1. Can you tell me the length gained on complete extension of the stretch VAL295 to GLU174, counting 0.36 nm per residue apart and subtracting the Cα distance?
2. Taking R0 as 22 Å, what's the FRET efficiency between ASN162 and ARG84 from their Cβ-Cβ distance, rounded to 0.05?
3. What ³J(HN,Hα) values, in whole Hz, does the Karplus curve 6.51 cos²θ - 1.76 cosθ + 1.60 give for the stretch 567-584 when θ = phi - 60°, with x put for Gly and Pro?
4. Could I have the simple spin-label model distance between ALA574 and GLN340, label points 7 Å from Cα toward Cβ, reported in nm to one decimal?
5. State the extension gain, in nm to one decimal, for the chain segment bounded by ASP364 and GLU441, taking 0.36 nm per residue of separation less the distance between their alpha-carbons.
6. Under 29 Å from the Cα of LYS31, which lysines turn up, not counting those fewer than eight places away in the same chain?
7. In the structure displayed, which of LYS338/LYS478; LYS334/LYS464; LYS338/LYS440; LYS334/LYS458; LYS334/LYS426 lie more than 18 Å apart, Cα to Cα?
8. Please work out the FRET efficiency for the pair GLN257 and THR310, using the Cβ-Cβ distance as r and a Förster radius of 25 Å; give the result to the nearest 0.05.
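Read-outs throughout are calculated quantities, based only on the coordinates presented, and are distinct from any laboratory measurement. Just so we're clear, the structure is a prediction, and the values are computed from it rather than from any experiment. All Cβ positions, glycine included, derive from the backbone under ideal geometry; neighbour counts span all protein chains shown.
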Amino acid sequence: MLHFPNIASLFDPAILTLFWQNSKGVSPPQKLWLEMDSAARRLAPFQSPMDVSLVLWACATLDLKPSLETWLAMERRLADLVKRGFVGSGPGGVPSERLVRKEGDDVGRTRDTTLPRSSQSQRYTQPQQKRSGDSVLEWQQVSNLVWSYAKLRVFPDRGTKNALDDAFHRLAHEKPESITAQDTSMLLWGYVTLGFMPSVGDDNVRNFRTLFDAVDRHANVFKPDELTNALWCLAVWRAVEGSASAPFPKSYNAMWQRLAVLESTDFSTSDGVLIAHHAATVHNELLTGVDELPVMKQSLIIAAETAWKTQSTQHSDPSNVSGSQGRVGAVLSKIGFKYQSELELFGGRGFFQASQTVDFFLPDWNVVVEYDGPHHFYDVVSDPKRARFHNGGLVDAFALNAHTNDLDHAFTPNAHTTNIDPGVTKNVNTRLRDLFLAKKENVQKVVSLPWWEMRLVKHGEQEKWLEGKVGKAIDEVKASREGKDVEAIRGVNDVAIREVNDVATEKGVDSSFASGSENPNAGNKQSLCRRWIDACSVSQRIKLEVELLGADDDARWRVVRAAAGRDATKVRAALRGEIETTGE
């Protein structure tokens, strides 16, 4: 094995060569990796577009995230390159050949301000100039970067996302025809995996139109693995977006016809074969208004089923069950819910009958309970250890329905592209899981238990919390089976109280007595409770609602009054005064 005792003294290309060499399937020793990471961080301000993209590409290939400091340094360099115009034809439309110093330039003359900062530390020779990306971002660098973020399951911050979008827009305007089949495949997979799927009328639709035009151009030249990747991405995008009127490649059906003549031996990896089955399942189960798929070659079907069984065996291994999932099972048993764990539910077809393995299935009610750990959501560069969750600092940027405590539908498919914290946004694979479960005849309700929501609940209160979540789903199933409104099953709730209060007000009767309370202030107290909850920040609201689950009116009032007593914000001062005046 090679040793690099003084790796910090190596130049930029040597660092990149190391990253590239170590990305061929064998992880480097820890000491060497740390030295490479440190060197890449120090050299980041001088790296070319190719350098930036290759470092992150190599990390993604190895499935090793760079350190936070290195990643942030690379993002700053990328943003700087894009801001200064080193994309496509270069700053101000300057041809790329003018952006490269030639060997023999007078190093003593005034620095050429059109050059990237990387040229301050080294001069590119004519042979190096031929390598696309040495001076400006091209399609290859943009596709490498988007693919790398998706492969590492990390959502780029707003500044990096804007830089990538700006680079994409410029390349789409200047050289849309130069995007290769590989670039198209990588960009499509990266965008779909990260959830950058625009709605109809969204500004980002033009990005997808550029990609879809490229798909149409390359439909007959995609390698088999690229072909199945493109089909999966397109089917998923249409399924999650859910709009048949959204733009779509004209070659979609033709690509399925092309796949139908391929043998399993045409593929370079088993993943490519398996993705074909997954794409067919999405097409058959989740898309509407599409043509029936052609019959595939038998060798392809057999190979896909073999790969699927191998994957299913790995996923169903009991040793892969997390401690938190085990905790959910223990609490379910303590409550008295009868369930089956790691149950395989069949339904739908791809190349063969499809199925899903669920965490918990309650057969009496046909309710699925899924514990969604961190891998069901997106990571962010700036907080790799999710400290904002562990410190109780759930951000207030995301939307929550405060009245129902129903987090399952609080996030739209593209909400994380606006102001939603990616850490609380289900990734595309989890959203697909939910769509498939909703299609199964033997599933009536799905209860999602996000890890970050469960974390807010004290260990001793998790039984009450889980009983409330699952009990709500069971009540809805009961109501559906009995043909009743769910509120008739659950008893008097806030909605019913408001209806009684409205009637009482019309008749001039004290609403607190109309609702059956012996306390003349009860109606006002519950109104104040609801107003206080609505006025709280999202993180405070979640904690309050967990405390209030299953509590009677008196207990609810005590909890809210205590919370108001601890509050010192000016924005809630008037409401706090009302609560204090109402008293016990």
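1. Details: separation 121, 0.36 × 121 = 43.56 nm, distance 4.06 nm.
Contour length minus Cα-Cα distance gives 39.5 nm.
2. Working: r = 14 Å, r/R0 = 0.66.
The calculated FRET efficiency here is 0.90.
3. 7, 9, 6, 6, 5, 10, 4, 5, 5, 4, x, 4, 5, 5, 5, 5, x, 5
4. 5.7
5. Working: separation 77, 0.36 × 77 = 27.72 nm, distance 1.43 nm.
Contour length minus the Cα-Cα distance gives 26.3 nm.
6. Of all the lysines, those that pass the test against LYS31 - Cα under 29 Å, at least 8 places apart if same chain - are LYS65, LYS151, LYS385.
7. Numbers: LYS338/LYS478 16 Å; LYS334/LYS464 11 Å; LYS338/LYS440 20 Å; LYS334/LYS458 16 Å; LYS334/LYS426 29 Å.
Result: LYS338/LYS440; LYS334/LYS426 exceed 18 Å.
8. Working: r = 28 Å, r/R0 = 1.13.
Given R0 = 25 Å and the Cβ-Cβ separation, E is 0.35.
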